[in-house]
Amino acid sequence: MNLRPAVLCALLLVSGTLASCGGRSGSGIDGTGEDKPFYLTMGLSLTGELPPKNNMVEQAIEEYTGTALQIQWIPYSAYEEKVRLMIAAGELPKLIKLGYSPTMIATLKSEQFWEIGPYLPDYKQLQAVDQRYYENISVNGKIYGIPLFRDLGRAAIQYRKDWFDRLGLKLPVTLEDWYQVIRAMTLGDPDGNGKQDTYGLVLEKRYNQEISSILTRISVSQGGPAKWKVEDGRFTPEFMTEPFYETMKLFRRLYQENLINRDFAIMDTIETTKMYESGRAGLMISGGNAQTWKDMLVKASPGALVEVAPLTGPSGRRLPGEPGNAGFLAIPKDAVKTEEEVKKILGFLDRLMEPTMQALLINGLENRHWVEKNGHAEMLDRTLHLKEVKPYRDMLPHLTEPETEWKRNLQPELYRKSQRLGKENEAYIVPNPALTLDSAMYVERGRELEILIADAETKFIMGKLEEAGWLAELEKWRQSGGDRMISEYEEAYAKKQ
């Protein structure tokens with residue numbers, strides 16, 4: 001393979017693990033030493049700006065791994081629907097990002113993707129990963145992909161410290177605390193402009209869905225279960241527990257008093273993001289790093305201060321456990337016909353997990369995205385970093401540990417604090433006992449049942465359902481397949497025990 005010297009030299013400097021810029025012997029990822037790069041098509045989701053075509057980060061990945069990449073970047077908002085259409089049409093790339101959803105679980109069960117579990121022991125980096133990451137994406141004990149690794153406990157409170165200081169607020173612990181803090185930041189003019197134009201908390205239409213549900217996160221902090229409660233082998237969904245109902249009542253109260261945005265049921269994520277970044281909202285429970293919010297916020301409010309803190313309830317620090325991934329990369333059988341090609345793709349992913357590639361995915365290229373200054377690494381241009389490095393960091397497998405000193409010093413302190421918090425949270429997570437249990441009803445009608453309850457939660461918060469109406473929706477859920485799902489989870493749990 002003809003190496004581009006400038007890109008390769010920059011890459012080698014990323015980690016200091018290679019001694020020269022003379023190229024790599026045997027650059028083929030299958031270890032054959034072939035000069036011809038392995039052509040690899042990929043389908044990945046994109047939340048920010050499209051990275052420039054043939055940019056230096058992508059070139060560096062290609063050079064190190066011996067590949068020629070063809071990446072199809074699909075907007076996050078349209079990603080799931082696009083993947084479903086690609087699956088139906090048999091037009092998937094060789095490597096595709098999937099989510100752990102009822103639809104995808106059914107697809108995996110139909111054996112449309114390669115089972116990769118038996119191959120993992122042959123790949124040093126991939127097999128060394130904490131096995132919980134793989135267990136949390138398993139289907140009937142089988143592994144079909146490489147996780148896009150995330151912390152197992154990501155939920156944290158991110159907040160405008162300058163607003164808290166101005167109003168004399170403390171971080172919320174009880175549900176009443178949440179009410180008082182949100183009320184103060186909505187009515188107390190925290191930005192000092194003399195107008196009532198702020199919110200303590202802004203919701204978007206996916207506020208109660210999946211692992212990022214704010215109802216789940218607050219309910220768990222108050223002693224509730226993470227999606228499902230299991231006691232003496234009996235399963236109960238979170239929305240049938242007292243802490244969850246009390247959390248809904250909190251949001252109903254906030255809505256009735258105009259303390260949260262009235263249009264939350266139809267508001268897109270991009271709109272709520274704009275409100276936070278423009279300085280109109282001051283508190284969120286997020287799984288991301290607070291530095292990203294601050295970077296955008298200070299453009300509109302130069303004096304803004306952002307902090308991050310653990311999610312704490314009356315019994316102390318408590319948060320829902322998460323699957324430890326933002327999806328996983330799977331290999332479709334329609335696009336990849338041979339075991340030999342499967343091994344080449346796994347070889348590519350294994351190479352990505354080597355220290356040199358991990359450093360690149362986290363920090364980018366020296367002298368383009370960061371420089372060494374006084375013995376420490378310093379970021380050159382955070383905007384460029386977000387444009388050229390972040391898309392690959394988000395969509396290719398990487399772990400934040402172990403970190404070297406220069407890695408820690410590259411990112412601002414708020415970013416590093418967010419990362420530390422995510423690791424510390426693992427000691428306080430409440431796991432979802434049904435995460436990988438098998439339920440035919442969940443695969444068949446899980447999404448439909450989730451929508452039924454999510455809609456009922458929204459109607460209750462908006463005052464369109466009273467307690468009797470909410471209980472009627474719970475009974476509808478049970479009769480529509482919920483009771484069968486509970487029984488199937490209990491049976492699978494008993495077998496697993």
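The values are calculated or read from the model by the stated rules, or taken from the named source; none is laboratory data. Because the structure is predicted, anything quoted here is derived from the model rather than measured. Heads up, the Cβs are rebuilt from the backbone with ideal geometry, glycines too, and the neighbour counts pull from every protein chain shown. Heavy atoms of the whole protein, side chains included, go into the accessibility calculation; ligands, DNA and RNA do not. Shrake-Rupley method; radii C 1.70, N 1.55, O 1.52, S 1.80 Å.
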Output ³J(HN,Hα) for region 183-194: one whole-Hz value per residue in order, computed from phi by the Karplus curve 6.51 cos²θ - 1.76 cosθ + 1.60 with θ = phi - 60°, and x for Gly and Pro. 4, 5, 6, 8, 9, x, 6, x, 8, x, 9, x
Let a ≥ b ≥ c be the square roots of the eigenvalues of the Cα gyration tensor of region 315-401; is it rounded (a/c under 1.5), or, if not, prolate (a/b larger than b/c) or oblate? oblate
On the accessible surface of the chain, probed at 1.4 Å with all protein chains in place, carbon and sulfur together account for a percent value of 49 percent
For residue 72, the residues 5 or more places away or on another chain with a placed amide H closer than 5 Å to its own amide H are 42, 43, 44
Can you compute the charge dipole magnitude of region 288-384 about its Cα centre, using +1 on each Lys and Arg Cβ and -1 on each Asp and Glu Cβ, nothing else charged? Give it in debye, rounded to the nearest 20. 280 debye
Pairs of alpha-carbon atoms within less than 8 angstrom and 6+ residues apart define the contacts here; what relative contact order does region 315-383 have, in percent? 13 percent
Compute the angle between helix 467-477 and the longest alpha-carbon principal axis of the chain, please, reported from 0 to 90 degrees and rounded to the nearest 10. 40 degrees
Evaluate the relative contact order of the chain (contact order divided by residue number), counting alpha-carbon pairs under 8 angstrom at least 6 apart; express in whole percent. 23 percent
Which whole-number value in Å² is the accessible area per residue of the chain, probe 1.4 Å? 44 Å²
Residue 234/residue 373 FRET efficiency (R0 41 Å; Cβ-Cβ; nearest 0.05): 0.10
Please identify the trypsin sites (Lys or Arg not before Pro) of region 53-113 that satisfy two criteria: DSSP loop assignment and at most 13 other Cβ atoms within 10 Å. Which are they? 53
Strictly over 30 Å apart at the Cα level, which of 53/343; 249/387; 97/496; 53/227 would you flag in this model? 249/387; 53/227
Nothing charged except the Cβ atoms of Lys and Arg (+1) and of Asp and Glu (-1): what's the magnitude of the dipole of the chain about its Cα centre? Round to the nearest 20 debye. 620 debye
Shape call for the chain from the C-alpha gyration tensor, a ≥ b ≥ c root eigenvalues: rounded (a/c under 1.5), prolate (a/b greater than b/c) or oblate? oblate
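Given the -39500 (n - 2.57) contribution per DSSP H run of 4+ residues, what per-residue ellipticity at 222 nm results for the chain, rounded to the nearest 500 deg cm²/dmol?
Working: 21 runs with 213 residues, N = 497.
The per-residue figure over the chain is -12500 deg cm²/dmol.
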So for the pair residue 462, residue 111, with labels modelled 7 Å out along Cα→Cβ, what separation do we get in nm? 4.6 nm
Gained length - residue 300 relative to residue 68, 0.36 nm times residue gap less alpha-carbon distance: 79.5 nm
DSSP bridge pairs, the chain: antiparallel proportion in percent, nearest 5: 65 percent
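Length gain on complete extension for the stretch residue 476 to residue 496, per 0.36 nm per residue less the alpha carbon to alpha carbon distance?
Result for the pair: 4.3 nm of gain on full extension.
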Among GluC sites (Glu not before Pro) in region 417-479, those in a DSSP loop whose Cβ has at most 15 other Cβ atoms within 10 Å are 466
Among 336, 324, 310, the residue whose Cα sits farthest towards the positive end of the charge dipole of region 276-343 (+1 at Cβ of Lys and Arg, -1 at Cβ of Asp and Glu, taken about the Cα centre) is 310
Gyration tensor (alpha-carbon) shape descriptor, region 265-309, a/c threshold 1.5: oblate
